[in-house]
Amino acid sequence: MRLGATTIVSAVLLSLISIATLQAVDKKFHDAPDSAKALKNPYEGQQEAADAGKTLYARNCLACHGKLGKGTGNVPSLVDGKLEGVASGEVFWFITQGSKDNGMPSWAFLPEQKRWQIVTYVTSLASGKAAPVAASSPSAVSRTAAALKDPSPHAPFTDFRYEVPGTTRKITASDLPEPFATQSSNNGAEVVARPEKAWPVAPAGFKVELYATGLDNPRWLRTAPNGDIFLAESESGRIRVFRGMSGDGKPEQMQVFASGLKRPYGITFYPPGPDPQWIYIGDTNEVIRFPYHNGDLKASGVSQHIADLPSGGGHWTRAVEFSPDGKKMFVAVGSASNDDDTDTHPGEKDRADILVCDPANCELKIYAYGIRNAGGGIAVNPQTGELWCSVNERDALGDNLVPDYITHVQEGGFYGWPWWYIGAHQDPRQKGKHPELKDKAIVPDVLLQPHNASLEFTFYQGKQFPAEYGGELFASEHGSWNKAVRVGYEVIRVPLHQTGHATGEYQDFLTGFVLPDGQVWGRPVGIAVAADGSLLVSDDGSNSIWRVSYTGK
Ligand code: HEC
């Protein structure tokens, strides 16, 4: 920041005055240096600047601090009196710096003038002089910004503006709107480079660090029995392995385990337990395996073909998992289409299913069906031994249909696609078909925001997080395209309350991948628990892996 000579002189004078007057109430505001107190607001008390600041607040701050500035969860109130007596210069300094470890982004990328306008608004809001932002605030820079004019969503539905770590949500089948209640949006993420100061936000007590970056389309993550971390770089057909954790939370070694695959995604070890002999990979049209022994950083032999999988069309990811006794291999294969009737579309044969075989002699058959796309994630719950899945439901029925979901999977269970959804709701595009399946369609355990794009999940078996997290489920939500104001782009926690079963609730856990103006810089895909108990999240927006650890601070 550059200051003119007059500004400096007046700043020095002002600092002398403010130091003198503030002496009595000398509370340190986020350890702001004395030089911060000295910065003078060029717009002090100017209504026009406060108005401009209000618009900027709505666009940049409202999502966390709220319309009334009251905050929520770990986001502090700006109107509880604490800011009174804090110098404008300190507020300016603080929003410029941000407080990355505690979830307050830096706003240094906004021009200085705009930051001062925000300060003008925030300080007048704090002193009760400014009216809070109305439900819809003006902004018109892009389609996304236009969508941000939308009024706040009605609970239980939400969007990225209101995702805050620690917020609990619960959607039930009775909350669903009618099909086409809103029009179908085409609002895919145009991923931008991560602004230097943008950083994922976790609940209080957790720290977020960059574990690895410069990767190529990082997707599925899996921790090997010996603690090595395996990653599928799907677009480049590569499996990478990371080993160790340095003092500053970075891998000590990184190597390419295998390359030249088609489009690998799911990775798992066989047999289950501490001493695997093989690593299985869901490549898009087949399951293959490489020999693997603890400690291998490179495949010691060529791959073997295990099973053919239907492929082509949409939904190319193939998640693979073994039952705890090693007698069943599960493979999730998503539908080729959004909602084609499988009776009349032979290309949908053995798709939108979870398939199963005996790994000793793999002949795939259907384990559970009507599951539009669980290719993003299946996993066994270690506490109950049940198979669970994370599912992308169908599009083009409006903003708040159909909820994505996470559920335990019933053998032989029917989950609705393409004729029914979330129990006995008929898809209007399949009207009159398969009435006999109406009551068979299972309502899943945890309904997520529609269009979230729920992908990999893991059950927390680490020792590092507080005890209440033991056995709970964490899932990566890649983020919406078919919703007017985007949603997802976060990691969620599904509380299981030590029972191994879900109650329907979930919580926002790791957010901040969408900038306040709606541009996206990060998209969670894979998730795994490292040997030290920290949580690793792959992100194919910024081509990185993030590490979330608990510090208690
Ligand atoms: C992603 C969520 C998020 C956004 C967006 C956000 N903040 Fe914050 N803000 C926080 C959190 C979390 C804290 C607490 C940080 C700490 O205690 O170190 C905070 C703290 C603050 C504080 C200090 C309050 C106090 O009493 O200590 C101010 C002032 C503030 N924010 C202003 C803003 C302004 C102005 C904007 C918009 C330009 C903004 N914030 C946008 C999350 C956010």
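The values are calculated or read from the model by the stated rules, or taken from the named source; none is laboratory data. Fair warning: this is a prediction, and the values are worked out from it, not measured in the lab. We place every Cβ from the backbone using ideal geometry, glycine too, and count neighbours over all the protein chains shown. Surface accessibility is based on the protein's heavy atoms, side chains included, excluding ligands, DNA and RNA. Shrake-Rupley method; radii C 1.70, N 1.55, O 1.52, S 1.80 Å.
Numbers at a glance
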item: Where the chain is the region considered: accessible area per residue in Å², 1.4 Å probe; result: 40
item: Accessible-area value, W481, 1.4 Å probe, nucleic acids and ligands omitted, Å²; result: 120
item: Pairwise label distance in nanometres, A108 with H30, each label 7 Å out on the Cα-Cβ vector; result: 1.3
item: Total formal charge among the other residues, if their Cβ is under 14 angstrom from that of G541, Lys/Arg +1 and Asp/Glu -1; result: -3
item: Greater than 30 Å apart at Cα, pairs in K40/K250; K207/K327; K54/K100; result: K40/K250; K207/K327
item: For region 341-406: rounded, prolate or oblate by the Cα gyration tensor [a/c cutoff 1.5]; result: oblate
item: Span-rule helices in the chain, defined as complete DSSP H runs reaching 18 Å or more along the axis (Cα) with Kyte mean at least 1.6; result: 5-22
item: Theoretical gain in end-to-end length, E363 to N226 [0.36 nm per residue, Cα-Cα removed]; result: 46.3 nm
item: Antiparallel DSSP beta bridges within the chain, as percent of all bridges there, nearest 5; result: 95
item: Apportionment of accessible area to carbon and sulfur, region 173-550, percent (1.4 Å); result: 48
item: Dipole moment magnitude, nearest 20 debye, the chain about Cα centre, only Lys, Arg, Asp, Glu C-beta charged; result: 1280
item: Nearest-10 value in Å² for the accessible area of F109, using the 1.4 Å probe; result: 120
item: Largest-first principal axis extents of the Cα set of region 196-333 (Å); result: 45, 37, 28
item: Net charge contributed by nearby residues that have their C-beta within less than 9 Å of P153 (K/R +1, D/E -1); result: -2
item: Partner lysines for K440 [C-alpha distance under 19 Å; skip if fewer than 8 residues away on the same chain]; result: K431
item: Region 173-550: C-alpha gyration tensor shape, a/c 1.5 cut-off, then a/b vs b/c; result: oblate
item: Formal net charge of residues neighbouring Y415 (Cβ-Cβ distance under 10 Å; K, R +1; D, E -1); result: 0
item: Separation of the A173 and E44 label points, Cα + 7 Å toward Cβ, nm; result: 6.3
item: Probe 1.4 Å - accessible area at K28, Å² to nearest ten; result: 120
item: Sequence-distant lysines (8 or more away, or on other chains) whose Cα lies within less than 19 Å of K328; result: K365
item: Mean residue ellipticity (222 nm) of the chain, computed from DSSP H runs ≥ 4 via -39,500 (n - 2.57), nearest 500; result: -4000 deg cm²/dmol
item: Mean-position separation - Cα centroids, region 153-180 and region 293-372, in angstrom; result: 31
item: Difference of contour (0.36 nm per residue) and Cα-Cα distance, K463 to D80; result: 134.2 nm
item: Potential extension, S184-S99 segment - 0.36 nm per residue separation minus Cα distance; result: 26.8 nm
item: Those aspartates and glutamates that a straight Cα-Cα span of less than 14 Å connects to K463, excepting residues fewer than 8 apart in one chain; result: E472, D532
item: Coordinate range along principal axes, alpha carbons of region 267-382, Å, largest first; result: 47, 28, 23
item: Built amide H within the under 5 Å cut-off of G370, gap 5+; result: Y415
item: Cysteines not pairable in the chain (beta carbon separation under 4.7 Å absent); result: C61, C64, C389
